[in-house]
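Everything below concerns the one structure shown next.
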Amino acid sequence: MDNSFNVGYLLEMLIPVLGICSVLNKKKYPLIRGASCVCLGLLLDFAMTGVLILFGYEGSDYSDITSSTYIFLLFWFMAIWIAVIFGIYFATEVNFHEAIYLFAISYCIEHIFYCIRELFDYCTGGRIPDNQPILYTVCLIGSFIMAYFWFAKSTVVDGKYLIETLSATSATVVILLVVWFLSIISSFNNIGHIHAVYAILASLFILINQRAQLINEKERRAFRIKEQLWKDTQVRYQFSKDAMAVVNQHYHDMKHQINALANMESDEKRRGILSEMENDIAIYDAVVRTGNDLLDTVLTEKKLICHSKEIRMSCMADGEQLKFMDEIDLYTLLGNALDNAIEANEKILDRAKRWISVQIQNKKGIVLVEIINPYTGTIKMQHGLPITSKSDKLSHGYGTQSIKAIVEKYDGNLTIKTENDKYLLRIIFSE
């Protein structure tokens, strides 16, 4: 077994791993972390190769393996497998069982293209060996294309595979171990070409099944988000009804005050009622004019709600800057952002400290949307987004995710910061 065999097999494993993991959220310095694990594994692998040579195994053909060297061959494979698994674990934001799952998927893809090379070797009578440079390169490229474009791109959500159960990982790993074991047995008996057909079918079965499960989970998640957005819309509708109730109550009160003024003789009482009317009329300062009718509606609605909850809301908004957005997207974006700000303010017991600042403006060709509000307590962040503090994680937390999805739809950039007890949501759209 020469060193090219070691490096070659490692390369065959790493190519699909790169395709599978390129879409994942990464830890700091992922290349350094991953490369360190691989290098350590390769050193261990070379050490195992030395042991195999000592026991008389000098070639890369499995057929000359004796029973005394079989266990060392197993360790040789495991050295590379463990290196790759730990590389995935330390370079990307996955737990250990997810790293094993992703390795198993990568192994499936690697094994398919290894078997394709083996079939070429058998069918051409050795004229196109499995290590023929053109065939080898094409299979490496094919393994990356299959891993990245066919599997990873269609199944990942927000930099994560939605692996729901440990049973899926266990079943996948068990089947692959059977495939690997049979490949060794078939090599002992010079029937690798027969195993290759079975292995390709088994690996394809695993990949198609796992891909379908991940896509189904992705679609279920999307449905849950849409369902939650619908619930959020119902909540906002209730907020709108509450706001209109405030307006109607003030209108009703003002009618009675005007009637009282008409029949009042005391100047002192008249001045008192006029003062009350002045306070009531102040609510109509909530009407916002930005040059964008939909934006006016959203901001006015939220400002009325803020008035009812004793939250001061200031707006400096140029609505013309957001006319490129679809109306539903704009309503959902600002509606969710302001609802979150209102909810945060409601937790502040000192009502004098409740406020929201909204800015929408164009700065040097960049459309800037900023919403700032105070908050109390602790806000935990993950991947740049706040984690909901509510116990029902499934039903909450989609507001910010929907904001992120809409911002990305328009090629914008979303930033959320928490500092000095202030929550800042900043959105930037480039013209």
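The values are calculated or read from the model by the stated rules, or taken from the named source; none is laboratory data. Keep in mind the model is a prediction, meaning the values are calculated, not measured. Here Cβ is always computed from backbone atoms with ideal geometry, including for glycine, and neighbour counts include all displayed protein chains. We work out accessible area using only protein heavy atoms, side chains counted, and drop any ligands, DNA or RNA first. Shrake-Rupley method; radii C 1.70, N 1.55, O 1.52, S 1.80 Å.
Okay, here's what the table says:
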| quantity | calculated |
| --- | --- |
| Candidate residues 29, 410, 122: accessible-area rank, largest first, probe 1.4 Å | 29, 122, 410 |
| Residue 209 versus residue 127: modelled label distance in nm, points set 7 Å from Cα along the beta carbon direction | 3.9 nm |
| Too-long pairs where the Cα-Cα distance tops 31 Å, listed order kept, from 27/218; 28/323; 27/347; 160/409; 323/380 | 28/323; 27/347; 323/380 |
| Model label zone, residue 409; criterion: amide N under 17 Å from point 7 Å along Cα-to-beta-carbon; scope the range 132-163 | 158 |
| Label-point separation, residue 29 to residue 216 (7 Å along Cα→Cβ), nm | 4.2 nm |
| Stretchable slack from residue 75 to residue 351, in nm (0.36 nm times residue separation minus alpha-carbon distance) | 92.7 nm |
| Residue-wise HN-Hα coupling along the range 308-320, computed from phi with Karplus coefficients 6.51, -1.76, 1.60 (Hz; x: Gly, Pro) | 5, 9, 6, 10, 7, 10, 10, 10, 10, 10, 9, x, 4 |
| Largest to smallest accessible area among 220, 211 [probe 1.4 Å] | 220, 211 |
| Stretchable slack from residue 96 to residue 380, in nm (0.36 nm times residue separation minus alpha-carbon distance) | 99.9 nm |
